[in-house]
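Every number in this text was worked out from the coordinates using simple rules, so none of it is lab data. Since this is a predicted model, take the numbers as computed values, not measurements. Every residue, glycine as well, gets a Cβ built from its backbone with ideal geometry; the counts of neighbours run over all protein chains shown.
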Amino acid sequence: MLSNIIKDLNGASWERLCQKCYKLKYSNENYREIPANPGGDAGIEGFTSTGIVNQCYYPEGDYTDEKYYELLRDKMTADINKLLDPNYKKRLIAFGVPIIKQWHFLIPKYRDNRILAHAKNKADEVKRKIMSDPEQYDYISDKFEIVVQEAENLQAEIYKVSVAEAWKNKLDITNMINDTGWEDCPSEKLENIKRKIHAIS
């Protein structure tokens with residue numbers, strides 16, 4: 001069932017789904033979404049008050065395992081580089097992002113364990129940067145982690161969101177509202193009024 005829900009998504013719909021899931025999963029940690037406009041989202045999709053930030057990625061296309069891994073690897077590398085950029089630091093602080101402890105990489109599936117090894121290498125790279133210049137990278141925890149999250153990690157939230165969407169579509173109250181005039185409503189009093197108006201006429 002989970003694979004059926006995610007198989008026809010694209011980058012935009014995957015991000016929307018992930019945002020709804022994170023709002024559910026981290027509701028007690030005040031998860032906040034960062035809209036891309038104006039000026040960009042500072043390289044993350046949202047953050048919690050406990051130091052978790054996230055980035056969504058949905059490779060669109062039918063790829064070999066090798067190519068799929070390369071796409072995930074390159075996306076992670078590019079976005080971690082953004083996280084370390086001094087200009088992004090200013091924007092993250094302006095948004096009120098607390099010290100970053102975990103960077104979640106939200107993907108439909110990873111297929112290949114090399115992405116876990118790459119995540120570990122990139123996290124170690126970030127820690128080395130922090131050690132080399134603690135003042136510059138004071139917005140990132142020295143215990144920083146990269147967590148690869150695939151759809152199965154959000155299975156409970158995806159089901160809840162899917163059920164809510166199904167009910168919303170089924171019970172759209174705008175389809176239940178008619179512009180019916182009072183004169184069209186059946187009523188004994190209404191019929192009595194009509195007879196009297198007719199008699200007076």
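Exceedance of the 18 Å cut-off in Cα-Cα distance is limited, within the set K90/K122; K75/K129; K89/K127, to K90/K122; K75/K129.
Let me spell out the model: positive unit charges on the Cβ of Lys and Arg, negative unit charges on the Cβ of Asp and Glu, origin at the Cα centre of region 105-166. What dipole size does that give, in debye rounded to 20?
Details: 10 positive and 12 negative charges, 55 e Å.
Charge dipole, region 105-166, about its Cα centre: 260 debye, nearest 20.
May I ask for the net charge around V126, where only other residues with Cβ less than 14 Å from the Cβ of V126 are counted and Lys, Arg are +1 while Asp, Glu are -1? Net charge around V126: +1. Inter-label distance, N113 to A156: 2.7 nm, where each label sits 7 Å from its Cα along the C-beta direction.
Using the average count of surrounding beta-carbon atoms within 10 Å as a protection proxy, the listed peptides 85-98, 16-29 rank, highest first, as 16-29, 85-98.
Placing unit charges on each Cβ (+1 for Lys and Arg, -1 for Asp and Glu) gives region 19-99 a dipole about its Cα centre, and among N54, S27, G43 the Cα reaching farthest toward its positive end belongs to S27.
Give me the number: length gained by fully extending D74 to S3, i.e. 0.36 nm times residue separation minus the C-alpha to C-alpha distance, one decimal in nm.
Numbers: separation 71, 0.36 × 71 = 25.56 nm, distance 2.42 nm.
In short, 23.1 nm is gained.
Partner aspartates and glutamates whose Cα lies under 13 Å from the Cα of K20, excluding those fewer than 8 positions away in the same chain, are identified as E33, E45, E157, E165.
Please report the net charge: other residues with Cβ closer than 14 Å to the Cβ of I115, K and R +1, D and E -1.
Details: positive: K67, R73, K75, K109, R111, R114, K120, K122; negative: D65, E66, E70, D74, D79, D112, E150.
Summing Lys and Arg as +1 and Asp and Glu as -1 gives +1.
Summing Lys and Arg as +1 and Asp and Glu as -1 over all other residues whose Cβ lies under 12 Å from the Cβ of L24 gives a net charge of +2.
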